[in-house]
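Engineer: Below is the structure I would like to discuss, written out as structure tokens.
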Amino acid sequence: MEVYEKLQRCLESVRAKVDFVPKIAVVLGSGLGDLADRIQQVACVDYSEIEGFPVSTVPGHRGRFVFGYVGQVPVVAMQGRVHYYEGYAIQDVVLPIRLMGLLGAQILLLTNASGSVNFSFSAGDFMLITDQIANFVPSPLIGPNLEQLGERFPDMSAVYDRQLCQLWRETAQELGIPLQEGVYIQLTGPNFETPAEVRMCRALGADAVGMSTACEAIAARHMGMRVCGISCIANLGCGMTDRPLTHIEVNETADRVAPLFQKLVLRGLERLGQLP
Ligand code: HPA
């Protein structure tokens, strides 16, 4: 089925269940899933209820949209995302992002857990994403351009909105939460990087490496959403310590700092909601 047609079907399927119009869309990454419980929920839609929707297969990633309010701000949260390494076409990976845009979200907050390739970061730090490298995964815009959404050759000079980045700096400062900044690089995964690949990421100018987010940001920018992103540095990149890396370690760190991450994100969402 054509990408746009599938998107329209998913939109109709969601609209048949909820008429809520979110201002902000947020993707809850590892460790942040519980934040959905802090939303004044109006409705939930399981991904499995949406015909043709890609369903996540990663343990620890639930699969549903949560609609509701953070303070006065109408939001839609993705509790669980799908990753390219699960085997979905990249256009399917970003379908949920496009769907949230069509549901009305003007701003997208992307969160994730990532590995640091920057020696000045520590596990448990948060990093404001200021730019990205997405060339190791196919662009979600490959194929016939979806003219209804955006142009063929969209500008990527400021994927991460400068005003929104500033808002996150101020939010972190208000809460006394240290916030690193840097460039996120997306690799396909699912294997973690080799030490040589971690050095490559650093040489290319990245600060954190992960397996999501950058392709989502491209799809969102294509359709004109304002994008911001925060990464939870779950571990140092492979080879930067003398221990092998495990998914368990990643989840443990993400869970350990989750309360602080939630606090930052909830306050940031309230502030984002006050933007004109
Ligand atoms: N590499 C890639 N993705 C990740 C990592 C990592 O070290 N940690 C969490 N997600």
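The values are calculated or read from the model by the stated rules, or taken from the named source; none is laboratory data. Remember, predicted model here, so these are calculated numbers, not experimental data. Note that each Cβ is placed from the backbone with ideal geometry, even for glycine, and that neighbours are counted across all protein chains shown. What goes into the accessible areas is simple: the full protein's heavy atoms, side chains included, and nothing from ligands, DNA or RNA. Shrake-Rupley method; radii C 1.70, N 1.55, O 1.52, S 1.80 Å.
Engineer: Mind telling me which of the residues Pro178, Pro259 ends up being more than 18 Å from Asp131 (Cα to Cα), without any contact (Cβ under 8 Å) to a residue 12 or more places away in the chain and either away from the ligand (no atom under 16 Å from the Cβ) or not in a helix (DSSP H, G or I) (or both)?
Structural biologist: Sole residue among the options that is more than 18 Å from Asp131 (Cα to Cα), without any contact (Cβ under 8 Å) to a residue 12 or more places away in the chain and either away from the ligand (no atom under 16 Å from the Cβ) or not in a helix (DSSP H, G or I) (or both): Pro259.
Engineer: Being open to solvent by less than 70 Å² (accessible area, probe 1.4 Å) and out of contact with any Leu (no Cβ under 9 Å at 6 or more places or on another chain) is the filter; apply it to the stretch 240-269 and report the residue that is farthest from Pro178 (Cα to Cα).
Structural biologist: Among those that are open to solvent by less than 70 Å² (accessible area, probe 1.4 Å) and out of contact with any Leu (no Cβ under 9 Å at 6 or more places or on another chain), it is Thr246.
Engineer: Taking the condition closer than 30 Å to Gly237 by Cβ and touching a helix residue (DSSP H, G or I) at 6+ places or on another chain (Cβ under 6 Å), does Leu99 pass?
Structural biologist: When the stated conditions are applied, Leu99 does not pass them.
Engineer: Of all residues in the stretch 121-156, count the ones that are among the aromatic types (Phe, Trp, Tyr), farther than 17 Å from Val198 by Cβ and in contact (Cβ under 8 Å) with a residue 12 or more places away in the chain.
Structural biologist: Residues meeting the conditions: 1.
Engineer: Quick check: anything in the stretch 108-119 out of contact with any Lys or Arg (no Cβ under 9 Å at 6 or more places or on another chain) and surrounded by fewer than 20 Cβ atoms within 10 Å (Cβ to Cβ)?
Structural biologist: No, because not a single residue in the stretch 108-119 is out of contact with any Lys or Arg (no Cβ under 9 Å at 6 or more places or on another chain) and surrounded by fewer than 20 Cβ atoms within 10 Å (Cβ to Cβ).
Let's see how each residue does on (1) within 15 Å of the ligand (Cβ to nearest atom); (2) farther than 22 Å from Tyr4 by Cα; (3) in a loop (DSSP other than H, G, I, E, B):
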site	(1), (2), (3)
Ser114	yes, yes, no
Asn145	no, no, yes
Leu164	no, yes, no
Leu167	no, yes, no
Glu174	no, yes, no
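Engineer: While we're looking at this one, here's another question. Can you name the condition, by its number, that Cys228 falls short on among (1) surrounded by fewer than 19 Cβ atoms within 10 Å (Cβ to Cβ); (2) more than 16 Å from the ligand (Cβ to nearest atom); (3) not aliphatic (A, V, I, L, M)?
Structural biologist: Here Cys228 clears every test but (1).
Engineer: Restricting to the stretch 186-221, name every residue that is open to solvent by 10 Å² or more (accessible area, probe 1.4 Å), away from the ligand (no atom under 12 Å from the Cβ) and not charged (D, E, K, R).
Structural biologist: Passing the criteria: Ala196, Met200, Ala203, Leu204, Gly205, Ile218.
Engineer: Which of the numbered conditions does Pro138 fail, given that it passes all the others? Conditions: (1) away from the ligand (no atom under 16 Å from the Cβ); (2) over 20 Å from Gly189 (Cβ atoms).
Structural biologist: (2)
Engineer: Same structure again: Going through the stretch 71-94 one residue at a time, which ones are of a type in the set (A, V, I, L, M) and buried (at least 23 other Cβ atoms within 10 Å of the Cβ)?
Structural biologist: Val75, Val76, Ala77, Met78, Val82, Val93, Val94
Engineer: Considering every residue within the stretch 50-67, establish whether at least one is more than 20 Å from Arg226 (Cβ to Cβ), outside any loop (DSSP other than H, G, I, E, B), open to solvent by less than 20 Å² (accessible area, probe 1.4 Å) and not hydrophobic (A, V, I, L, M, F, W, C).
Structural biologist: no
Engineer: Same structure, new question: Are there any pairs, at least 6 apart or on different chains, whose C-beta atoms fall under 8 Å, with the first in the stretch 101-116 and closer than 13 Å to Cys228 by Cα and the second modelled with pLDDT under 95 and away from the ligand (no atom under 16 Å from the Cβ), and if so, which?
Structural biologist: That search, which allows pairs on different chains as well, returns Ile107/Leu275.
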